[in-house]
1. Do we find that residue 137 is in contact (Cβ under 8 Å) with a residue 12 or more places away in the chain, closer than 30 Å to residue 198 by Cα and not polar (S, T, N, Q) in this structure?
2. Kindly indicate whether any position in segment 262-277 is closer than 28 Å to residue 200 by Cα and of a type in the set (D, E, K, R).
3. If only one of 85, 60, 9 is modelled with pLDDT of 95 or more and either farther than 13 Å from residue 184 by Cβ or within 13 Å of ligand 2 (Cβ to nearest atom) (or both), which one is it?
4. Report whether or not residue 248 is part of a loop (DSSP other than H, G, I, E, B) and without any contact (Cβ under 8 Å) to a residue 40 or more places away in the chain.
5. Tell me which residues, restricted to segment 11-26, are surrounded by 19 or more Cβ atoms within 10 Å (Cβ to Cβ) and either part of a loop (DSSP other than H, G, I, E, B) or touching a Lys or Arg at 6+ places or on another chain (Cβ under 7 Å) (or both).
6. Do we have residue 35 as modelled with pLDDT of 95 or more, surrounded by fewer than 17 Cβ atoms within 10 Å (Cβ to Cβ) and not in a strand (DSSP E or B) here?
7. Yes or no: residue 212 more than 30 Å from residue 5 (Cα to Cα), over 35 Å from the mean Cα position of the chain (by Cα) and surrounded by 13 or more Cβ atoms within 10 Å (Cβ to Cβ)?
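The values are calculated or read from the model by the stated rules, or taken from the named source; none is laboratory data. Just so we're clear, the structure is a prediction, and the values are computed from it rather than from any experiment. A quick note on method: Cβ atoms are made from the backbone with ideal geometry, for glycine too, and the neighbour counts reach across all protein chains shown.
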Amino acid sequence: MKTLKIAIQKSGRLNEKSVELLKNCGLNFENYKSSLISPVSNFPLEILFLRDDDIPEYVQDGIADLGIVGENVIQETEVEVAYLQRLGFGRCSLKIAIPNNSDINSLAALNGKAIATTYPVILNKYLQSNSIEADIRTISGSVEISPGLGLSDAICDLVSTGGTLKSNGLKPFADVMSSEAVLIGRKGEENSDLIQELIQRVQSVLRAKETKYVVLNAPKANLDAITALLPGVKSPSVVALAESDWVAVHTVIPERDFWDRISQLKQAGAQGIVVLPIEKIII
Ligand code: ATP
Ligand code: MG
């Protein structure tokens, strides 16, 4: 049987979450910092640990079958790959930022200005689509210090909390793209059995992460009101309790509805609400 290869970041912001996701998919492998390749003992898969910039091309060229990388890197390298699954981590935005005391006050005011970035391809497309002619200065890192050094009037860089901008006297000015980590594959190979099996495992882990298992006690008389608040995977399970007027209700709730639902449930008479994490949901 063919052994697949998946490329993930060797070290950096996406490494830990990528390793965690693969481990949660039930894949057994050693995660030595020194190794560049690690075989999975219970699935025909090898993990390649690479610089994130190289991942899209490795997948496009078939050196790796799959990869986990930020959308920003894919867009910047302009490769043809299949987006298989958004992964919900590594969220950030590529933004144009300007010094706090800058007189740039509209997109048009960027005309003729110098913008430093490590994302010239994406920035160029953005500027063109807004009919702006600016001077893109491509640098390989520490973009945020370039206005202070007089190298540029603005920067275009990845931002998550905005802390780095702030500490360099910069403020966000325009959103160029938002990004998160995605699972990519080689175009045309998405339907192979092994790849589908892996995608399904990944999806079951992501689904589980988005949901919580909730157990609560409720007076039998209020059961209808309570079950109306609980969507469940199909419908909630209702279990008899020793105390005959009470039941225990078991269900699964999407995390995003969580706090809303909990207060509504309490109002409807629910007690002893226990919330548990879920490892996997296979549907
Ligand atoms: P490598 O050594 O692999 O080339 P890198 O230094 O290019 O790593 P990291 O800083 O580790 O990259 O970021 C990896 C990815 O994490 C980014 O491409 C982006 O998709 C995502 N990311 C999330 N938040 C941020 C952030 N605040 N700044 C930069 N990248 C972020
Ligand atoms: Mg990189």
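1. Numbers: in contact (Cβ under 8 Å) with a residue 12 or more places away in the chain: yes; closer than 30 Å to residue 198 by Cα: no; not polar (S, T, N, Q): yes.
No.
2. So in segment 262-277, the residues closer than 28 Å to residue 200 by Cα come out as 275-277.
In the following step, the residues that additionally are of a type in the set (D, E, K, R) were identified as none.
Looking through segment 262-277, none of the residues is closer than 28 Å to residue 200 by Cα and of a type in the set (D, E, K, R).
3. Details: 85 fails: either farther than 13 Å from residue 184 by Cβ or within 13 Å of ligand 2 (Cβ to nearest atom) (or both); 60 fails: either farther than 13 Å from residue 184 by Cβ or within 13 Å of ligand 2 (Cβ to nearest atom) (or both).
Unique residue meeting the criteria: 9.
4. Values: part of a loop (DSSP other than H, G, I, E, B): no; without any contact (Cβ under 8 Å) to a residue 40 or more places away in the chain: yes.
Here the answer is no, as residue 248 does not meet what is asked.
5. 14, 25
6. Values: modelled with pLDDT of 95 or more: no; surrounded by fewer than 17 Cβ atoms within 10 Å (Cβ to Cβ): yes; not in a strand (DSSP E or B): yes.
Criteria not met by residue 35.
7. Details: more than 30 Å from residue 5 (Cα to Cα): yes; over 35 Å from the mean Cα position of the chain (by Cα): no; surrounded by 13 or more Cβ atoms within 10 Å (Cβ to Cβ): yes.
In short, no.
Residues checked against (1) assigned to a loop (DSSP other than H, G, I, E, B); (2) touching a strand residue (DSSP E or B) at 6+ places or on another chain (Cβ under 8 Å); (3) over 24 Å from residue 55 (Cβ atoms); (4) free of Cβ contacts under 8 Å to residues at least 40 places away in the same chain:
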{"position": "90", "(1), (2), (3), (4)": "yes, yes, no, no"}
{"position": "95", "(1), (2), (3), (4)": "no, yes, no, no"}
{"position": "112", "(1), (2), (3), (4)": "yes, yes, yes, yes"}
{"position": "115", "(1), (2), (3), (4)": "no, yes, yes, no"}
{"position": "128", "(1), (2), (3), (4)": "no, no, yes, yes"}
{"position": "133", "(1), (2), (3), (4)": "yes, no, yes, yes"}
